[in-house]
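Worksheet for the structure shown next.
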Amino acid sequence: MILHCVFCDFQPDAGQAARHAVLSELATFGQTLDGVLGFDFGPNADFEGKSPQVTDGFVIRFADRQALATYADHPTHKALGARLCELCVGGADGIMVVDLVCAD
């Protein structure tokens, strides 16, 4: 399984409605693809005080690397990703992605 973790630094003027809309649309889109096992998103509570630059994030669980590749290459993902970049500080630079390969 691949755990695709995405951490966003939204611009201060990116409204909560716009943030929620793009993340919700990514979640809905993900549910249409084979190999997507789950999608969760929300604001960063930063309980340990280690990630103040991250305002929100999401995690997608993929069955395998091919499912991640299908998602990444899909035109809908690219369009939603572009919208996400527009909302983040520095565009794509305001997004960090970590892909964890997890044991079954």
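The values are calculated or read from the model by the stated rules, or taken from the named source; none is laboratory data. What you see is a predicted model, and the numbers here were worked out from it, not measured in a lab. Glycine also receives a Cβ, built like all others from the backbone with ideal geometry; neighbour counts cover every protein chain displayed.
What the table shows:
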| item | result |
| --- | --- |
| Output for region 26-40, where each listed residue is modelled with pLDDT of 95 or more and under 14 Å from the mean Cα position of the chain (by Cα) | Leu26, Ala27, Thr28, Phe29, Val36, Gly38, Phe39, Asp40 |
| Single unsatisfied condition, Gly38 versus (1) in contact with a Phe, Trp or Tyr (Cβ under 8 Å, 6 or more places away or on another chain); (2) under 22 Å from Leu100 (Cα atoms) | (1) |
| Residue count for region 58-81, restricted to those that are out of contact with any helix residue (DSSP H, G or I) (no Cβ under 9 Å at 6 or more places or on another chain), of a type in the set (Gly, Ala, Ser) and within 25 Å of Ala18 (Cα to Cα) | 1 |
| Among residues of region 5-32, those that are under 20 Å from Gln66 (Cα atoms) and touching a helix residue (DSSP H, G or I) at 6+ places or on another chain (Cβ under 6 Å), counted | 2 |
| Failed item, numbered, when Thr55 is tested on (1) farther than 19 Å from Ala82 by Cβ; (2) touching a Phe, Trp or Tyr at 6+ places or on another chain (Cβ under 7 Å); (3) of a type outside the set (A, V, I, L, M) | (1) |
